[in-house]
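These notes are about the structure you will find just below.
The values are calculated or read from the model by the stated rules, or taken from the named source; none is laboratory data. Quick caveat: nothing in here was measured; it's all calculated off a predicted structure. Methodologically, a virtual Cβ is constructed for each residue, glycine included, from the backbone with ideal geometry; neighbour enumeration extends over all protein chains shown.
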Amino acid sequence: MSTAEDCHELLLRFAGRIGDRELWRLRDWVAAGAVDAVARALPLMLLRERVGITPEESRQVGAILVPAGADPERLNAVPWVDDVPELGYTFTAESPEWVSRGDSVAVVLGAVLRGRPEVVEARTSWRRGRGGDTRVVLVTVAEDAWASAVRLTGELQRVLRALGTDEPVVEVLVRGRDVPKYHRAALAASEPLFAMAHS
């Protein structure tokens with residue numbers, strides 16, 4: 001995998017742990033190939049938001065971001081935790097009342113994603129917790145589609161922002177890879193935008 005693809009996988013681990021505003025910006029930079037910007041910004045975000053990381057995550061962050069320009073001293077200052085803490089979110093497939101009258105966003109997302117051979121499935125869930133109800137878009141791409149996962153994340157975020165979502169929450173997963181607990185919960189309480197069978 002390329003550095004951008006490694007960085008995409010790393011940022012999946014921080015979904016729900018750092019703010020949506022920060023996370024979508026980091027992912028936008030990765031999609032634009034600006035991994036050096038992520039390398040400089042992510043350690044500061046983790047420190048500012050007091051996000052602890054596991055020893056394994058610390059090794060991953062160092063291996064991916066230090067070669068891209070991250071400050072090793074800042075990374076060493078990020079506290080370690082034994083396990084990722086509970087995030088205080090719940091997920092539901094039930095859209096808020098204001099969306100149930102017609103979900104034009106889902107229609108546009110379905111149109112953008114339909115017909116792409118790398119897309120296995122696209123689902124949507126609603127996250128409830130701090131900040132109110134937030135749409136979480138969950139897309140699964142084929143096993144060998146890491147580069148597509150990076151590009152697709154950036155594209156879907158831009159589509160959602162054009163449709164009026166200031167802080168889009170887009171999670172593009174690669175089939176066959178380990179799915180973090182946050183994503184498992186979101187997937188368990190989701191409904192399909194559409195699904196396609198692949199041989």
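Structure summary
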read-out	value
Scan of the range 82-95 for residues that are over 21 Å from residue 19 (Cα atoms), surrounded by fewer than 15 Cβ atoms within 10 Å (Cβ to Cβ) and touching a Lys or Arg at 6+ places or on another chain (Cβ under 9 Å), ordered by number	93
Matching residues in the range 30-66 - criterion: being closer than 21 Å to residue 148 by Cα and either outside any helix (DSSP H, G or I) or basic (Lys, Arg) (or both)	32, 33, 34
Any chance residue 167 is exposed (fewer than 15 other Cβ atoms within 10 Å of the Cβ), of a type in the set (D, E, K, R) and touching a Lys or Arg at 6+ places or on another chain (Cβ under 7 Å)	no
Any hit, the range 175-196, residues being under 21 Å from residue 32 (Cα atoms) and crowded, with 17+ Cβ neighbours inside 10 Å	no
Any strands (runs of 3 or more DSSP E) falling wholly within the range 89-188 and containing at least 3 residues that are in contact with a helix residue (DSSP H, G or I) (Cβ under 7 Å, 6 or more places away or on another chain), under 20 Å from residue 11 (Cβ atoms) and not assigned by TED's automatic domain parsing to the domain that holds residue 31	119-128, 134-141, 170-174
Residue match in the range 120-127 (condition: in contact with an Asp or Glu (Cβ under 6 Å, 6 or more places away or on another chain) and within 27 Å of residue 165 (Cβ to Cβ))	yes
Qualifying positions in the range 45-72 - under 23 Å from residue 85 (Cβ atoms), among the hydrophobic types (A, V, I, L, M, F, W, C) and over 18 Å from the mean Cα position of the chain (by Cα)	47
Conditions (1) of a type outside the set (Val, Ile, Thr); (2) in contact with a Lys or Arg (Cβ under 8 Å, 6 or more places away or on another chain); (3) within 21 Å of residue 191 (Cβ to Cβ): number failed by residue 11	(3)
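This table checks each residue for (1) free of Cβ contacts under 8 Å to residues at least 12 places away in the same chain; (2) closer than 28 Å to residue 129 by Cα.
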residue	(1), (2)
14	no, yes
20	no, yes
26	no, yes
37	yes, no
49	no, yes
53	no, yes
68	no, no
75	no, no
